[in-house]
Amino acid sequence: MPGFEWFGDEERKEVGDVLQTGVLFRYGFDQARQGVWKAKTFEEKLAARLQGENKETVYCHLCSSGTAALSVALSSCGVGAQDEVIIPPFTFVATVESVLMAGAIPVFAEIDETLCLNPDSVEKAITPRTKAVIPVHMCGSMARIDRLKDVCEKNSLILIEDACQAIGAEFQGKAIGTFGDMGCFSFDSVKTITCGEGGAVVTSRQDLYGFAHAWSDHGHDHIGSDRGMEEHVFLGANFRISELNAAVGVAQLGKLDKIIQTQRENKRAIKDALNDIDGLTFRDIPDEQGDSATFLSFFLPNQTLAEKAAEALGQGGVDGCFYWYGNKWHYIKNWGHLAQLKSPAPLAAQFMEHRPDYHHLSFPESDQIMGRLISMQIKLSWTKEEIGVRIEKMRKILIDILKDK
Ligand SMILES: *Cc1c(COP(=O)(O)O)cnc(C)c1O
């Protein structure tokens with residue numbers, strides 16, 4: 001997910017515009033800023049990009065991070081104290097944290113071979129307290145978002161998409177992040193496009209957009225041009241982005257199409273070359289054409305062989321391969337702090353008796369999938385020759401490991 005690979009004069013120019021005026025705040029200072037509005041520009045361009053050919057309006061509000069975007073989305077959608085929110089056990093831990101910060105209770109459902117929430121498992125996890133579902137579009141591809149949307153509609157649940165890893169992905173021609181009541185993106189330093197630290201919430205609902213920009217800025221209604229005279233429609237927080245970060249984002253967004261195209265070409269070349277290896281299978285992608293192609297994710301027949309392959313790939317010079325099942329960041333198995341709800345201050349969830357027993361959760365289906373999974377990051381900077389060498393090394397290692405399966 002390497003937007004940082006393509007960083008250059010475009011980013012320097014946009015940041016230079018802001019430094020020229022000295023106005024680092026996204027609101028106000030109308031005279032001093034000399035027409036430079038980087039956050040607004042980024043929001044307009046991202047909304048237009050996500051809207052695409054679709055007629056449906058997309059509203060976009062930038063935040064200080066993807067985690068902030070999730071918090072803003074939960075709050076704007078009315079998810080808070082005591083509510084249960086269904087999320088996957090394979091995600092970046094920020095998804096879990098945002099639910100806890102909202103005073104709500106994370107409830108986990110299984111994933112399937114899309115590496116995202118299994119819609120049937122979501123249905124089974126619904127209780128009378130369930131308020132929302134947050135599918136996470138992991139590793140650049142998409143969940144079965146059509147089916148998850150159906151489940152939410154049928155059960156009157158809010159749908160918030162964590163699309164932090166999937167900007168530029170589409171399902172049946174519609175942008176990932178625009179299926180739910182709200183969608184969240186991240187522009188942290190390792191995402192598909194980066195602005196250092198930043199995030200965005202998007203929605204087609206004007207009311208939710210209104211809550212989102214006000215909640216992110218102490219409840220300001222942002223009406224008129226005198227900030228001191230603005231109404232505070234409710235209590236809020238500060239999840240604002242700065243103009244400096246937004247400026248980098250404007251430049252990076254301009255590169256998004258090229259980034260996605262390059263990732264798709266590089267991924268296609270490698271995937272095609274590994275396709276005939278007996279025993280190797282690939283992640284289930286509900287709409288392969290819409291894959292943003294940040295990762296190539298593949299399965300070995302069992303955990304032992306996957307561990308062996310991950311090690312051999314690393315030692316054999318095939319860098320950027322992740323074995324998430326053993327990794328501390330992305331799978332619930334390794335989140336001891338969640339099991340204990342460890343926090344410097346008491347969390348609302350600790351006081352709620354109906355919370356799951358996080359010590360004793362089990363995910364047989366997800367374990368079975370994660371144990372066999374390796375994901376390889378797709379780089380933008382690879383040359384054709386480098387891709388050729390990589391393919392050769394991968395084939396040799398994988399065929400060797402799979403020969404006595
Ligand atoms: C990166 C990420 C986040 C959080 O984004 P930050 O900008 O780092 O706060 C949330 N969810 C997922 C799935 C992510 O990958």
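The values are calculated or read from the model by the stated rules, or taken from the named source; none is laboratory data. Remember, predicted model here, so these are calculated numbers, not experimental data. Ideal geometry is used to build each Cβ from the backbone, glycine not excepted, and the neighbour counts take in all protein chains shown. Areas reflect the complete protein model, heavy atoms only, side chains present, ligands, DNA and RNA absent. Shrake-Rupley method; radii C 1.70, N 1.55, O 1.52, S 1.80 Å.
Averaged across orientations, what area in nm² does the convex hull of the alpha carbons in the range 207-313 project? All intermediate terms of the calculation are to be shown ahead of the outcome.
Numbers: hull surface 47.5 nm².
Orientation-averaged projected area of the Cα hull: 11.9 nm².
Amide H neighbours of Glu230 under 5 Å, at least 5 residues apart or on other chains, H built in the peptide plane: list them.
Long-range HN contacts for Glu230: none found.
Hey, any idea what % of the chain's accessible area is carbon plus sulfur with a 1.4 Å probe? Could you put the intermediate results ahead of the total?
Values: 8870 of 17450 Å².
Exposed carbon and sulfur together represent 51 percent of the surface.
Would you mind checking which residues have amide H under 5 Å from Met376's amide H? H placed 1.01 Å from N; only 5 or more apart, or other chain.
Leu296, Ser297, Phe298, Phe322
Return one whole number: the accessible area per residue of the chain in Å², for a 1.4 Å probe.
Details: 17450 Å² over 405 residues.
Ligands and nucleic acids excluded, the result is 43 Å² per residue.
Determine, for each peptide in 259-271, 191-203, the mean count of other beta carbons within 10 angstrom over its residues, then list the peptides with the highest first.
191-203, 259-271
Mind scanning Lys38/Lys384; Lys271/Lys308; Lys124/Lys255 and naming the pairs with a C-alpha gap bigger than 32 Å?
Over 32 Å Cα-Cα: Lys38/Lys384; Lys124/Lys255.
If DNA, RNA and ligands are ignored and the probe is 1.4 Å, what is the ranking of Ile369, Ile399 by accessible area, most exposed first?
Details: Ile369 10, Ile399 75 Å².
Result of the area sort, largest leading: Ile399, Ile369.
When ranked by the protection proxy of mean other Cβ atoms within 10 Å per residue, highest first, what sequence do the peptides 343-355, 302-314 form? Could you put the intermediate results ahead of the total?
Working: 343-355: 12.0, 302-314: 17.8.
Final packing ranking: 302-314, 343-355.
Measure out, as a whole number of angstrom, how far apart the alpha-carbon centroids of the range 361-405 and the range 67-91 sit.
That distance is 32 Å.
Solvent-accessible area of Lys342, probe 1.4 Å, all protein chains present, reported in Å² to the nearest ten, please.
Near enough 140 Å² of accessible area.
Sort 117-127, 46-56 for me by packing, meaning the mean count of neighbouring Cβ atoms within 10 Å per residue, highest on top. If you can, show how the numbers build up before the last one.
On the way: 117-127: 19.1, 46-56: 15.1.
Ranking, from highest mean packing down: 117-127, 46-56.
With each run of n ≥ 4 DSSP H residues scored as -39500 (n - 2.57), what mean residue ellipticity at 222 nm is computed for the chain after dividing by its residue count and rounding to the nearest 500 deg cm²/dmol? Please list the in-between numbers first.
On the way: 13 runs with 146 residues, N = 405.
One gets -11000 deg cm²/dmol as the mean residue ellipticity at 222 nm.
How big is the accessible area of Val318 in square angstrom, nearest 10, if you roll a 1.4 angstrom probe over the protein chains?
Number for this one is 0 Å².
How would Leu361, Leu402 rank on accessible area, largest to smallest, probe 1.4 Å?
Details: Leu361 65, Leu402 5 Å².
Largest accessible area first, the list is Leu361, Leu402.
Sort Trp37, Trp329 by accessible area with a 1.4 Å probe, largest first. Kindly include the intermediate steps, with their values, before the conclusion.
Numbers: Trp37 60, Trp329 155 Å².
Of Trp37, Trp329, the descending order of accessible area is Trp329, Trp37.
Quick check: net charge around Asp367, other residues with Cβ under 14 Å of its Cβ, Lys/Arg +1 and Asp/Glu -1? Before the final figure, lay out the partial values.
On the way: positive: Lys333, Arg372; negative: Glu110, Asp112, Glu113, Glu307, Glu365.
Surrounding charge for Asp367 is -3.
Starting from the coordinates of the alpha-carbon atoms of the chain, obtain the Kirkwood hydrodynamic radius over all distinct pairs and give the value in Å to one decimal.
Values: mean 1/r = 0.0454 Å⁻¹.
With all distinct Cα pairs of the chain included, I get 22.0 Å.
Kyte-Doolittle cut-off 1.6, length cut-off 20 Å along the helix's own axis using Cα: show which whole DSSP H helices in the chain pass.
Working: long enough: 256-274 (27 Å, -0.93); 384-402 (26 Å, 0.06).
Correct list, ordered by number: empty.
Taking amide hydrogens as modeled 1.01 Å from N in the peptide plane, which residues meet the under 5 Å criterion relative to Ala175, leaving out close sequence neighbours?
So Ala175 has HN proximity to no qualifying residue.
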